[in-house]
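A short write-up of the structure that comes next.
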Amino acid sequence: MLLAASSLAMQAVAQALPPATLTIALDKPALHAVSPTLYGLMTEEINYSFDGGLYAEMVRNRTMQDHDWAGLARWDVVHSGDAAATFALDRNEGPSAALQRSLALTVTKADATNQAGVRNEGFWGMAVRPSTTYKGSFYAKADSSAVGPVNVALVSNNSGKPLATASSQPLTTEWKRYEVSLTTGAKVETSAENHLQLTVGHTGKVWMTLVSLFPPTYKGRENGNRPDLMEKMAAMHPTFLREPGGNYLEGDTVEERFNWKTTIGPLVDRPTHRSPWNYQSSDGMGLLEFLEWTEDLKIQPVLAVYAGYSLKRIHIEPGPALQPFLDDAMDELEFVTGNDSTKWGAVRAKLGHPAPFPLTYVEIGNEDWFDTSGSYEGRYAQFYKAIKAKYPQLQLIATAPLTRMKPDVLDDHYYKRADEFFDMVKKYDDADRNGPKIFVGEWATREGSPTTNMGAALGDAAWMTGMERNSDLIVLSSYAPMLVNVNPGGMQWESDLIGYDALTSYGSPGYYAQAMFAGYLGTEVPATSVTGGGTRFFTSVTRDRAKGMTYLKLVNASNEPQAVQINLSGAGTVVREATLVTLSGTNPAETNTITAPTRIVPVTSTIKTAAASFTHTMPPYAVQVLALSTK
């Protein structure tokens with residue numbers, strides 16, 4: 001009897017998921033178009049996303065802003081033989097009004113053979129590869145021209161041997177910028193266990209700052225980005241970048257906001273500023289670099305402008321007090337979109353980009369629902385009136401619900417567990433279509449650390465099915481945070497999309513789920529119905545009529561297989577061979593890591609049983625895209 005009962009129980013488990021029927025009416029008018037900007041990117045300076053991440057600068061604390069009781073962070077003295085030197089922060093010497101700090105190196109004993117100087121450890125190391133050229137630069141002056149040149153080297157932490165060397169022009173007693181080029185040999189080992197060293201072979205005092213080293217960058221951009229991270233973003237098929245993104249826009253205080261005017265122009269004229277995630281931003285990733293980022297990925301910017309609220313509950317009352325910040329925003333819009341006959345368009349052209357950037361959406365502030373003063377309604381209205389008067393074509397995004405006016409778009413943010421997203425999938429199905437359009441500007445399934453796991457990918461995918469079905473209302477969406485440095489101390493926020501260290505990077509399961517959804521997206525949503533299936537089975541269908549393709553997104557978040565009967569009415573000819581892309585894991589906790597970056601990745605296969613009506617069985621814990629030719 002016990003054996004019989006056990007057998008019955010096992011059969012019950014095996015039959016736990018009822019079969020689902022998905023019916024797609026291709027012979028009826030589409031329900032609505034898919035937003036052409038549905039999937040995009042959002043990032044901010046968190047988790048060392050820019051400095052130590054996407055921004056390719058290899059030197060950490062390059063402008064000597066990070067200083068505590070232990071001295072200048074990330075810098076140490078070096079000397080060979082019996083050479084001797086000390087260094088300290090000089091708060092009153094710098095090459096510009098923006099940069100008035102420098103590292104003051106005092107060399108009391110040195111010669112050509114026995115040199116002294118400093119080294120920089122980089123952002124948890126410096127990635128060095130064979131047969132690669134690195135561009136170095138620094139600002140320096142000396143107390144005497146007898147000090148001579150600065151010798152620059154990339155050095156292995158483990159052997160102490162130089163991997164590439166170069167020498168600058170001799171120093172003078174005036175601040176100047178010096179450039180060097182360091183090229184590694186063909187036999188150099190690929191490694192991040194390296195540092196940068198700057199030494200002199202003569203006694204004297206040397207001041208230096210804005211010490212910089214760049215590897216080859218994406219598309220060869222000067223002051224550009226890491227190729228591997230840019231390539232991962234490109235593979236997500238984004239259509240926009242929300243910039244400068246999130247709390248980084250607001251800052252903890254008004255003074256620490258993203259003040260775009262101090263982030264453009266030569267690096268020596270950028271004063272840097274503290275990010276709200278408690279480290280100094282170099283501002284190497286300034287407004288123009290953000291815009292060039294979108295240009296390199298062939299996407300459009302969604303520009304967020306500071307609107308008078310900062311994170312420490314500081315707000316500026318609408319009216320005359322807010323006007324200077326509105327003026328700044330209007331100047332910013334002119335910088336982005338104005339031709340070179342305008343004041344700020346001419347500034348952009350002088351900086352090397354004569355052509356204006358395309359712009360459709362502008363976000364007024366960020367997460368202003370935290371402003372308990374109630375000032376946002378008036379602040380938004382003041383910005384809305386001025387921007388619409390000059391740029392009536394722009395769509396303006398509100399970051400908190402409004403009671404006295406309807407914004408063009410409202411920004412909704414969701415950070416949930418997978419089960420919460422399963423329950424929310426139909427949130428927008430019956431939403432008011434007469435209200436503002438929706439920008440899901442930040443969303444994430446928060447499971448897994450530092451990057452998300454397979455369970456989170458299932459939550460993400462389920463949520464995306466709901467966004468696709470409602471892509472007449474939801475015009476934009478972007479996951480957050482996108483990037484995280486996985487080294488100890490590199491993360492301020494768990495459950496991120498892409499992880500990296502100095503040398504390599506990887507995508508989480510959720511990263512691949514998003515790439516699948518955005519990569520197989522039609523232009524319209526056909527009428528569909530779903531019956532049966534388990535409680536954790538989710539679907540969305542889009543169609544590209546011009547290409548003759550129909551894309552089915554299927555999510556099975558159960559530990560059992562899910563059978564799906566697929567019925568296509570009015571499809572005409574259905575090509576029997578269809579593309580099937582599958583992302584699956586053994587359990588929700590399974591994930592990718594920096595040392596196991598491809599444990600869970602999409603697998604593309606072909607099914608040869610597609611027809612106007614056919615059965616498909618999904619594996620457990622799986623996200624699938626089925627691309628059907630329905631001409």
Among 202, 178, 73, the residue whose Cα sits farthest towards the positive end of the charge dipole of the range 67-214, when +1 is placed on the Cβ of each Lys and Arg and -1 on the Cβ of each Asp and Glu, is 178
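When you count, for each residue, the other Cβ atoms within 10 Å and take the mean per peptide, how do 282-292, 299-309, 209-219 rank with the highest first?
On the way: 282-292: 23.5, 299-309: 25.5, 209-219: 20.6.
With the highest mean Cβ count within 10 Å placed first, the list reads 299-309, 282-292, 209-219.
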Residue 504 and residue 321 label points (each 7 Å along its Cα→Cβ direction) are spaced in nm at 5.3 nm
Hull surface over four for the Cα convex hull of the range 461-556, reported in nm², is 8.3 nm²
If every Lys and Arg gets +1 and every Asp and Glu gets -1 at its Cβ, then about the Cα centre the range 112-240 yields a dipole, in debye to the nearest 20, of 120 debye
Output ordering of 371-377, 102-108 (per-residue mean of other Cβ within 10 Å, highest first) is 102-108, 371-377
Over the range 122-174, the quotient of the Cα radius of gyration and 2.2 N^0.38 Å is 1.37
The residues 579, 239, 593, sorted from fewest to most surrounding Cβ atoms within 10 Å, come out as 593, 579, 239
Contour minus Cα-Cα span, residue 219 to residue 165, at 0.36 nm per residue, comes to 16.9 nm
Output row, site residue 77, 7 Å Cα→C-beta label point, backbone N cut-off 13 Å, window the range 143-184, residues none
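Based on the Cβ-Cβ distance from residue 21 to residue 472, what FRET efficiency comes out when R0 is 22 Å, to the nearest 0.05? Walk me through the numbers before you get to the answer.
On the way: r = 25 Å, r/R0 = 1.13.
E between residue 21 and residue 472, to the nearest 0.05, is 0.30.
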Note: the range 505-620 at 10 °C, 1.306 mPa s; Kirkwood Rh on alpha carbon pairs; Stokes-Einstein D in µm²/s works out to 102 µm²/s
Length-normalised contact order of the chain, Cα under 8 Å, at least 6 apart, in percent, tallies to 17 percent
In Å, the C-alpha Rg and Dmax of the range 235-384 are 15.2, 46
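Rounded to the nearest 5, what % of the DSSP beta bridges within the chain are antiparallel ones?
Numbers: 102 of 143 bridges.
Counting DSSP beta bridges with both partners in the chain, the antiparallel share is about 70 percent.
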Rounded to the nearest 10, the angle in degrees between the Cα long axis of helix 2-14 and the longest principal axis of the Cα atoms of the chain comes to 70 degrees
Per its Cα gyration tensor (rounded if a/c is under 1.5, else prolate when a/b beats b/c, else oblate), the range 302-446 is best filed as prolate
tail above 19 Å in the computed P(r) of the range 357-419, as % of all Cα-Cα pairs, reads 34 percent
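Any idea what the dipole of the chain comes to, in debye rounded to 20, about its Cα centre with Lys/Arg Cβ at +1 and Asp/Glu Cβ at -1?
Working: 54 positive and 66 negative charges, 248 e Å.
With Lys and Arg at +1 and Asp and Glu at -1, about 1200 debye.
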Phi angles of the range 591-606, converted by Karplus (6.51 cos²θ - 1.76 cosθ + 1.60, θ = phi - 60°) into ³J(HN,Hα) in whole Hz with x for Gly and Pro, give 7, 9, 9, 5, 9, 9, x, 10, 4, 10, 9, x, 10, 9, 9, 10
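When the Cα atoms of the range 145-243 are enclosed in a convex hull and the volume is divided per residue, what value in Å³ results? Present the calculation step by step, with values, prior to reporting the outcome.
Numbers: hull volume 15.0 nm³, N = 99.
Once divided by residue count, the hull of the range 145-243 is 152 Å³.
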Longest principal axis of the chain (C-alpha) makes with the long axis of helix 509-519 (C-alpha) an angle, in degrees to the nearest 10, of 70 degrees
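When N is the residue count of the chain, what does its C-alpha Rg come to as a fraction of 2.2 N^0.38 Å? Spell out each step's value before the answer.
Details: Rg = 27.7 Å, N = 631, 2.2 N^0.38 = 25.5 Å.
Ratio of Rg to 2.2 N^0.38 Å for the chain: 1.09.
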Applied in sequence order to the range 275-286, the curve 6.51 cos²θ - 1.76 cosθ + 1.60 (Karplus, θ = phi - 60°) yields integer Hz couplings, x standing for Gly and Pro, of 8, x, 9, 6, 8, 7, 8, 6, 6, x, 8, x
The range 67-214: relative contact order from alpha carbon pairs under 8 Å, six or more residues apart, as a whole percent, is 32 percent
Residue 432 and residue 86 label points (each 7 Å along its Cα→Cβ direction) are spaced in nm at 7.0 nm
Computed ³J(HN,Hα) along the range 142-149: with the Karplus parameters 6.51/-1.76/1.60, θ = phi - 60°, integer Hz and x for glycine or proline, the list is 10, 7, 7, 5, 5, 4, x, x
Counting sequence-distant residues (5 or more places) and residues on other chains, those with an amide H built under 5 Å from that of residue 527 are 25, 31
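About its Cα centre, what dipole magnitude does the range 487-548 give when the only charges are +1 on Lys and Arg Cβ and -1 on Asp and Glu Cβ, stated in debye to the nearest 20?
Here the size comes out at about 380 debye.
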Cα convex hull volume per residue for the range 67-214, in Å³, equals 110 Å³
Around residue 76 (Cβ within 11 Å, Cβ-to-Cβ, excluding residue 76; K/R +1, D/E -1) the net charge comes to +1
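Can you figure out the FRET efficiency of residue 403 with residue 253, using R₀ = 25 Å and their beta-carbon distance, to the nearest 0.05?
On the way: r = 28 Å, r/R0 = 1.12.
That pair, residue 403 with residue 253, gives E of 0.35.
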Most exposed to least, judged by fewest other Cβ atoms within 10 Å, 82, 90 sort to 82, 90
Charge tally for neighbours of residue 192 with beta carbon under 14 Å away, counting Lys, Arg as +1 and Asp, Glu as -1, is -2
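None of the figures in this text is laboratory data; all of them are computed from the coordinates on show. Note that the structure is a prediction, hence the values are computed from the model and not measured. Positions of Cβ are generated from backbone atoms using ideal geometry, with glycine treated the same way; all protein chains shown enter the neighbour counts.
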